[in-house]
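Colleague: Can you read through this structure? Questions will come right after.
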Amino acid sequence: MSDVRLLAAPFDPAEELRAFTAAHIVAGGIVSFLGQVREGGGVEALELKHYDPLTLPAMQDLAVRVRDRWVLDGLLVIHRSGVMAVGEPIVLVAAAARHRRDAFAAADFAMDHLKSESWFWKREKVAGEWRWIEPRAQDFEDIGRW
């Protein structure tokens with residue numbers, strides 16, 4: 001089962017992971033990744049914009065590709081949009097599997113694809129001014145592993 005959500009409001013990653021873990025007690029391993037707005041470089045806020053008709057269906061398609069590739073008991077993908085402050089969660093990916101290697105690989109694959117095949121436009125606010133963020137070369141190298 002996959003739970004894929006695109007949210008405009010903040011979420012509680014600890015509560016989401018608690019609920020996910022409780023729902024997958026047969027799993028031998030649960031791996032999670034939490035991405036948050038990082039402090040540094042004078043960043044005051046991060047904004048993620050997206051195209052509604054494309055974003056959630058593409059995230060759901062990614063979940064299907066992950067589930068087709070690894071044997072999982074569950075997959076959770078939550079992604080924020082809108083303006084977020086430093087320290088706020090942006091993305092949570094969790095994979096539950098009978099064996100840890102499947103869980104690790106599935107979460108890693110999902111994050112690499114979310115980051116590189118992103119359906120989001122990112123900008124950050126520094127010194128009161130907004131500037132767009134372009135993908136990094138590392139993001140494309142990461143996806144090339146798969």
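Colleague: Looking for whichever is under 15 Å from Ala105 (Cα atoms) and aliphatic (A, V, I, L, M) here; the options are Val4, Val77, Val37. Which one fits?
Modeller: Result: Val77 is the single residue among Val4, Val77, Val37 that is under 15 Å from Ala105 (Cα atoms) and aliphatic (A, V, I, L, M).
Colleague: Among all residue pairs at least 6 apart or on different chains, which show Cβ distances below 6 Å where the first residue, located in the range 7-23, is exposed (fewer than 11 other Cβ atoms within 10 Å of the Cβ) and the second is outside any helix (DSSP H, G or I)?
Modeller: Pairs found: Ala8/Ser81; Ala8/Gly82.
Colleague: Let me ask something else. For the range 117-129, name all the residues that are in a strand (DSSP E or B) and farther than 12 Å from Leu48 by Cα.
Modeller: Val126, Glu129
Colleague: Which one of these does Pro57 not meet: (1) surrounded by 19 or more Cβ atoms within 10 Å (Cβ to Cβ); (2) without any contact (Cβ under 8 Å) to a residue 12 or more places away in the chain; (3) of a type outside the set (S, T, N, Q)?
Modeller: Status for Pro57: all satisfied but (1).
Colleague: Return the residue satisfying two criteria in turn: it lies in the range 36-56 and is among the aliphatic types (A, V, I, L, M) and in a helix (DSSP H, G or I), and of such residues it is farthest from His79 (Cα to Cα).
Modeller: Once the filter is applied, the top-ranked residue is Leu54.
Colleague: A follow-up question, please. On the given criteria, is Asp139 closer than 18 Å to Val31 by Cα, touching a residue at least 24 places away in the same chain (Cβ under 8 Å) and acidic (Asp, Glu)?
Modeller: So Asp139 fails the test.
Colleague: Something else: Hey, among the residues in the range 66-90 that are in a helix (DSSP H, G or I) and in contact (Cβ under 8 Å) with a residue 40 or more places away in the chain, which one's surrounded by the most Cβ atoms within 10 Å (Cβ to Cβ)?
Modeller: The residue in question is Val66.
Colleague: Hey, any hits in the range 91-101 for a residue that's assigned to a strand (DSSP E or B) and surrounded by fewer than 21 Cβ atoms within 10 Å (Cβ to Cβ)?
Modeller: So far as the range 91-101 goes, yes, one or more of its residues are assigned to a strand (DSSP E or B) and surrounded by fewer than 21 Cβ atoms within 10 Å (Cβ to Cβ).
Colleague: Return the residues of the range 31-54 that are under 13 Å from Gly82 (Cα atoms), surrounded by fewer than 17 Cβ atoms within 10 Å (Cβ to Cβ) and in contact (Cβ under 8 Å) with a residue 24 or more places away in the chain; say none if nothing qualifies.
Modeller: Ala45, Lys49, Tyr51
No value in this document is a laboratory result; all are computed from the given coordinates. Worth saying up front: this structure is predicted, and the values here are computed from it rather than measured. Note: ideal-geometry Cβ built from the backbone for every residue, glycine included; neighbour counts use all protein chains shown.
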